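Asks: Structure incoming, see below.
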Amino acid sequence: MRIMLVDDHHLLRQSLKRQFEELGHEVVADVADGISAVSAALTTRPDVILMDISMGEGDGITACRAIMEADARQRVLMLTMHAEIDLVRQSLKAGAVGYLTKDATFDDVLRALNLACNGDVIISPEFAHALLQEAEDQQVIQPSALSEREMEVLQLLAEGHSTPEIANTLFISQKTVKNHLASIYEKIDARDRTHAVIRAVKIGIIKIGP
């Protein structure tokens, strides 16, 4: 992966950079504030951006929004000490693909970055209710609208599994998983993976967490 780090704690950036590079990933930029993050993101075009929220010069949410407005293909994952639901909601509205708190392990962060690069999103159970509040479409969908296999794919997606992981679990090809996802989006009128999970949980056809 080509990773950009945005955090005002120098030691944290250096620690993460060292660990990523030891695994063969490239840290294309590491900056200390949101203002620098915007220009660096557009210059280096990283595969994924790991972004803090509270920083001295320009917060992460504002920076995320600016980056996404300039290039919607960017993948921004928030890594912050804040666990407030309102900040989760604001980050997702700004275009972030995920939200982790700094008590996450390095393995958790690495897995989330890999998922983000593959176009996936981890829906953390602790923040699931914040995502549900974002669902605006109240259209009623009957479970029978989805096939049994589509329900399995959707449930695994909600649990945070990537396309390859879903394929391995169900013993089907990744192409078949993608075909099922396309069908799911059409049937429940979802824009993408995150929206599909939000809508499915909202109407009670799948569950997140215990």
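Asks: Could you work out how far helix 193-202 tilts from the main Cα principal axis of the chain, as a 0 to 90 degree angle to the nearest 10?
Replies: 50
Asks: Rounded, prolate or oblate: which fits region 2-119 when a ≥ b ≥ c are the square roots of the eigenvalues of the alpha-carbon gyration tensor, with rounded for a/c under 1.5 and prolate only if a/b beats b/c?
Replies: rounded
Asks: Do the sum for the chain: with -39,500 (n - 2.57) for every DSSP H run of n ≥ 4, divided by all residues, what is the mean residue ellipticity at 222 nm, to the nearest 500 deg cm²/dmol?
Replies: Result for the chain, helices only: -15500 deg cm²/dmol.
Asks: Only Cα pairs within less than 10 Å get springs; with that Gaussian network setup on the chain, which residue of Leu115, Leu16, Leu100 has the largest fluctuation?
Replies: Of Leu115, Leu16, Leu100, the Gaussian network model singles out Leu16 as fluctuating most.
Asks: Could I ask something else about it? Given R₀ = 30 Å, FRET efficiency for Ala72-Glu26 by Cβ-Cβ distance, to 0.05?
Replies: 0.85
Asks: For the chain: lysine pairs with Cα atoms under 30 Å, gap of 8 or more or different chains, count?
Replies: 18
Asks: Whole Å is fine, so just give me how far the alpha carbon centre of region 73-89 lies from that of region 146-163.
Replies: 24
Asks: For Cys64, Cys117, what's the fewest-to-most ordering of other Cβ within 10 Å of each Cβ?
Replies: Going from sparsest to densest Cβ surroundings: Cys117, Cys64.
Only the coordinates and a few stated rules stand behind these numbers; no lab work does. All values derive from a computational prediction rather than experimental measurement. Every residue, glycine among them, receives a Cβ derived from its backbone with ideal geometry; neighbour counts consider all protein chains shown.
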